[in-house]
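Just so it is clear, none of the values below were taken in a lab; they were calculated from the coordinates. Source: prediction; values computed, not measured. As a convention, Cβ positions derive from the backbone with ideal geometry for all residues, glycine included, and neighbour counts pool all protein chains shown.
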Amino acid sequence: MSPTSTRRAVVTGAGSGIGQAVARPLRREGVGVLAVDLTDAKLAKLAAEGCETLAADLADPVQWDALAAAAAGADYLVNAAGIICLKPILDVTIEDWRAVFAVNAEATFFLCQKIGPQMRAGGAIVNLSSSSAKLASTVEVAAYAASKTAILSITRSFAYALASRPIRVNAICPGIIDTPMQERVLDEVAHMRGMPRAKLSEVRKQSVPLGRAARPEECAAAIWFLLSDESGYMTGQAINYTGGLVMW
Ligand SMILES: NC(=O)c1ccc[n+]([C@@H]2O[C@H](COP(=O)([O-])OP(=O)(O)OC[C@H]3O[C@@H](n4cnc5c(N)ncnc54)[C@H](O)[C@@H]3O)[C@@H](O)[C@H]2O)c1
């Protein structure tokens, strides 16, 4: 199965960054896209481009069933909604931890659980993990990194659980992708470390063997691959998209 016109995809976090970069070309290829994000305003562009939209706060478990009902019979699910908590590790509170886990880990787990079994056979799920699930190079993202590590386990468990359908479930671990979330990382971590933002940006890029950040569209292409038949023998994997920052 390839992402073509008879197919339907659900993309969370579609109002921005990587989620939007995934939703757009799918829609352009004629795939029916249900784009999900916090507000209608965030989804207005995609609505104008022919996507169905659903405004939902995925941190709220009550909203999962409505999304699952709207997603019945989908071929693809991309769990891209995510939030980051930027704080020195010793200042992270239980509220910070729970807020991050509610969106990144809980919504990912329960959307796989509620949507996965009613997807069409041959379909695929991609969960957005992160290079931070494998590295500890940015210590101001400890709660986020823990939630992204949970996504690797969630991905493997659902890969087993849904394999007989068959529905494939893989994770992608992006490194530095130019999105609004990445802009926040630069603004806030530079402030916390008391260093110029441009300097932090340079240091981060120098840590990447390919020496640059990626565009969201580049990362979306790798997600497309994980959705398509081209990756038909891959499930339960965590694919790095990091310019070489992570090599395992
Ligand atoms: N940008 C990067 O460098 C990078 C690196 C690794 C992983 N990621 C992951 O990729 C995914 C997309 O990130 P991005 O960089 O495009 O970020 P982004 O902030 O640009 O987009 C994330 C989207 O998720 C939505 N969202 C957040 N909380 C939500 C909620 N409770 N309910 C519904 N929607 C919600 C936001 O409104 C936003 O539109 C995230 O899971 C992120 O953790 C990003």
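Structure data summary
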item: Pairs of Lys in the chain closer than 23 Å at Cα, counting only those 8 or more apart or on different chains; result: 8
item: Size-normalised alpha-carbon gyration radius of the chain, reference 2.2 N^0.38 Å; result: 0.96
item: Sum of -39500 (n - 2.57) over DSSP H runs of 4+, divided by residues of the chain (222 nm, nearest 500); result: -12500 deg cm²/dmol
item: Per-q log10 I(q)/I(0), the stretch 128-232, q = 0.12, 0.18, 0.19 Å⁻¹ (Debye; single scatterer per alpha-carbon; no solvent); result: -0.49, -0.96, -1.03
item: For the chain, with +1 on Lys and Arg beta carbons and -1 on Asp and Glu, the positive-most of Gly73, Thr138, Gly194 along the dipole; result: Thr138
item: Cβ-defined net charge surrounding Thr179, 12 Å radius [Lys, Arg +1; Asp, Glu -1]; result: -2
item: Extension reserve of the Gln118-Met234 stretch, reckoned as 0.36 nm per residue once the Cα distance is removed; result: 39.7 nm
